[in-house]
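Below you'll find the structure, written out as structure tokens, and then a few comments.
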Amino acid sequence: GLSARMVASKGDVENAESDASHAAHQTMEETVAALSPQRKRILNFCKYRGMHETELVLGDFALKHLPRMGDADLLDFERLLMQLDVDLYQWATGAQQPPENLDTPVMAWLKAHVDDMRAAAKRGAHTM
């Protein structure tokens, strides 16, 4: 049989999940803390826009991509953020093509991010 040490109790599993969740939360906080003031301003602008769907997409995207963006990409991202939420959402979801001047690598990353979010939601829906 299995020894008592090899069988994790429910409490051990819950504690491990709590620790992992806490570590992920710390990592997000550390990521935000490490951002320059300009990037923090952009992140806040992504998270508080007015259209809930766009806030969700852009806020998550910004957390993941802002730390790695170079100056040119950051400028392209800021240009995107000056657009209307409804347009941004349509372009990011692929419902409409963005104008040529906004169809940049950052826009491609944003579209891929939305695709990843959709795939993750579908996986979550199938596991319920």
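The values are calculated or read from the model by the stated rules, or taken from the named source; none is laboratory data. Here the structure is a predicted model, which is why all the values come from computation and not from measurement. Glycine also receives a Cβ, built like all others from the backbone with ideal geometry; neighbour counts cover every protein chain displayed. The accessibility values were calculated without ligands, DNA or RNA, using every heavy atom of the protein model including side chains. Shrake-Rupley method; radii C 1.70, N 1.55, O 1.52, S 1.80 Å.
What's the total number of residues in segment 39-54 that are open to solvent by less than 80 Å² (accessible area, probe 1.4 Å) and either touching a residue at least 12 places away in the same chain (Cβ under 8 Å) or outside any helix (DSSP H, G or I) (or both)?
Going through segment 39-54 one residue at a time, the tally reaches 9.
Here are some conditions: (1) in a helix (DSSP H, G or I); (2) at pLDDT below 90; (3) open to solvent by 70 Å² or more (accessible area, probe 1.4 Å). Met128 meets all but one. Which one does it not meet?
(1)
Please state which one of Lys111, Lys122 is open to solvent by 90 Å² or more (accessible area, probe 1.4 Å) and of a type outside the set (A, V, I, L, M, F, W, C).
The match here is Lys122.
How many of the residues in segment 1-38 are modelled with pLDDT of 80 or more and either hydrophobic (A, V, I, L, M, F, W, C) or surrounded by 12 or more Cβ atoms within 10 Å (Cβ to Cβ) (or both)?
Of the residues in segment 1-38, 4 are modelled with pLDDT of 80 or more and either hydrophobic (A, V, I, L, M, F, W, C) or surrounded by 12 or more Cβ atoms within 10 Å (Cβ to Cβ) (or both).
Please determine whether any residue of segment 80-102 is in a helix (DSSP H, G or I), open to solvent by 40 Å² or more (accessible area, probe 1.4 Å) and closer than 27 Å to Ala34 by Cα. Spell out how you get there, then give the answer.
First, pick out the residues of segment 80-102 that are in a helix (DSSP H, G or I): 80-81, 85-93, 100-102.
Now drop any that are not open to solvent by 40 Å² or more (accessible area, probe 1.4 Å), which leaves 86-87, 89-90, 100-101.
Right, trim to closer than 27 Å to Ala34 by Cα and you get none.
Among the residues of segment 80-102, not one is in a helix (DSSP H, G or I), open to solvent by 40 Å² or more (accessible area, probe 1.4 Å) and closer than 27 Å to Ala34 by Cα, which makes the answer no.
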